[in-house]
Amino acid sequence: MTKNREKSTALFAPLCLCLAALLPEYVFPVMLAVAYFKTVNFKKRGLELLKPVIVVLSGFFAWQIIGLFYSGSVMSGLSSVAVLLFMVWGYPMMKSSVRTQEQLENAVFAGAVGGGVAGGIGCAQVLLFHYGELIHPALKTFFNPFWHQLDNAVASFAINHLLPDFAMKYIQRTEFIAIEERMSSTFTNPLMFACFLVMIMPLAAYVLFYSESKKRRIIGLVCFALIVGGIASSYSRGPYVYAVIVAAVLLFYGGKRALVLVGMGGAGLGAIAVFASGVFKRLLTVFNVKDISVSTRSKIWTACFEMLKDHWVFGYGTGVNNIREVLNNSYNIKQPHAHNLLLEILLENGIFGLVLFLAVPAVFAFMMIKLARKGKKQRGIAVTFLASLAGFCMCGMTDYLFYGLKPMCYFFMLMGLGAAAVSIYNEEEKSL
């Protein structure tokens with residue numbers, strides 16, 4: 001690859017990390033497709049790109065294809081496989097376009113900025129929700145979700161002019177979700193918004209603590225604060241707890257950085273207590289069995305464990321619609337999935353599918369732990385990606401994150417960026 005081509009392809013990593021979360025769900029895949037086409041060259045680097053995470057992921061992917069043969073909802077299964085295959089390419093795209101430490105730093109910085117902007121929009125939506133009607137009543141909810149008006153216009157156009165009639169029976173919802181009391185920023189679901197911020201928060205922390213530029217460190221601090229504010233604005237109780245766990249993983253930065261994180265955490269909790277006490281009230285409802293969200297998940301998980309009794313080996317087959325139909329028809333639970341990433345995979349693809357999937361984060365975690373042992377800078381980037389992985393896994397305990405395109409997209413892009421970091425530091429060692 002020529003230097004000019006390397007320079008141009010290096011732009012795709014920060015561009016995708018920054019904008020994928022900010023663009024509408026039907027726009028950012030186009031950007032990703034262009035990035036994949038421009039950066040990934042399997043003819044020259046295929047074997048390198050397929051080690052080691054994609055190797056184990058390909059096993060899971062193959063098992064999902066096998067699951068199509070006994071799936072009761074083949075169309076749903078095909079769409080799941082197609083989306084997974086498309087998003088998986090985020091891994092080699094990151095690994096192909098990020099080749100130097102400078103490019104790695106730029107990509108992490110761009111991801112932090114994207115998270116900060118998304119979090120800032122969520123904070124602005126809170127202000128509008130409480131005070132926007134003083135200017136105009138419509139401002140209270142008009143921009144929450146941020147793309148809601150455009151989303152509905154696009155959905156209406158697609159349904160009326162693009163989609164054939166036979167396709168409509170496979171569409172569960174003809175309008176985008178809008179939960180007015182909880183902020184969704186540029187997402188269509190406040191929980192997916194919060195999960196993204198939990199995953200991206202470590203990147204802002206890395207910029208704050210490891211950037212050589214003072215300007216970037218200041219921007220990192222602002223982004224970190226906006227990300228925390230965005231998580232608070234989502235009123236999503238699980239991500240509140242998971243954000244604390246992610247912060248605990250970041251304490252492995254060690255030294256003064258860990259002490260600063262503890263101080264920032266205390267200051268953040270104090271600020272939330274003073275300016276957004278409703279966050280703590282919302283968090284405490286997690287122990288209230290009468291809360292509709294808590295009770296619904298309890299019913300779903302009870303039903304799902306019953307569903308596993310005769311299907312724990314192979315599952316019901318690939319496709320979320322298999323689980324939806326059983327929940328809806330047999331248990332009268334009008335929910336689309338198991339609201340747990342591991343439980344959903346177990347229900348669809350059985351114990352073999354779950355083991356194959358768990359191998360993916362396990363291999364990646366091993367890579368990061370190995371990188372962390374090499375030195376201070378390597379430790380910082382490795383702990384950052386481990387914290388992001390922890391955020392994804394924890395958020396997956398209370399929701400099926402592969403039901404959302406953006407969390408799935410960032411899961412693979414961040415792993416690809418982590419793999420790029422391993423390659424970069426290995427090359428530096430060889431050159432010494």
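The values are calculated or read from the model by the stated rules, or taken from the named source; none is laboratory data. From a predicted model like this one, the values you see are computed outputs, not experimental measurements. Neighbour counts are summed over all protein chains in view; Cβ atoms, including those assigned to glycine, are modelled from backbone coordinates with ideal geometry. Please note that ligands, DNA and RNA were not included when accessible areas were found on the heavy atoms of the full protein model with its side chains. Shrake-Rupley method; radii C 1.70, N 1.55, O 1.52, S 1.80 Å.
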Residue check for residue 38: in contact with a Phe, Trp or Tyr (Cβ under 7 Å, 6 or more places away or on another chain), at pLDDT below 90, more than 18 Å from residue 418 (Cα to Cα) and open to solvent by 50 Å² or more (accessible area, probe 1.4 Å):
yes
Note on segment 200-216: residues closer than 21 Å to residue 386 by Cα and either in contact with a Leu (Cβ under 7 Å, 6 or more places away or on another chain) or small (Gly, Ala, Ser) (or both) are 202, 204, 205, 208, 211
Residue 225 being open to solvent by less than 20 Å² (accessible area, probe 1.4 Å) and either under 20 Å from residue 127 (Cα atoms) or at pLDDT 95 or above (or both)
no
Those residues of segment 261-274 which are more than 21 Å from residue 233 (Cβ to Cβ) and over 26 Å from the mean Cα position of the chain (by Cα), in sequence order
263
Exception for residue 183 within (1) modelled with pLDDT of 90 or more; (2) open to solvent by less than 50 Å² (accessible area, probe 1.4 Å); (3) farther than 22 Å from residue 382 by Cβ; (4) in a helix (DSSP H, G or I) falls at (4)
Considering only segment 80-98, how many residues are over 13 Å from residue 32 (Cβ atoms), touching a residue at least 60 places away in the same chain (Cβ under 8 Å) and under 19 Å from the mean Cα position of the chain (by Cα)?
4
Given the conditions (1) among the basic types (Lys, Arg); (2) open to solvent by less than 30 Å² (accessible area, probe 1.4 Å); (3) closer than 20 Å to residue 251 by Cα, every one holds for residue 217 apart from (2)
Matching residues in segment 193-210 - criterion: being open to solvent by less than 10 Å² (accessible area, probe 1.4 Å) and closer than 20 Å to residue 259 by Cβ:
201, 202, 204, 205, 206, 207
Would you be able to tell me the number of residues in segment 247-273 that are open to solvent by less than 70 Å² (accessible area, probe 1.4 Å) and either touching a strand residue (DSSP E or B) at 6+ places or on another chain (Cβ under 6 Å) or not hydrophobic (A, V, I, L, M, F, W, C) (or both)?
8
Give segment 233-250 a look and list any residue that's farther than 15 Å from residue 388 by Cβ and either at pLDDT 95 or above or among the charged types (D, E, K, R) (or both), or say none.
237
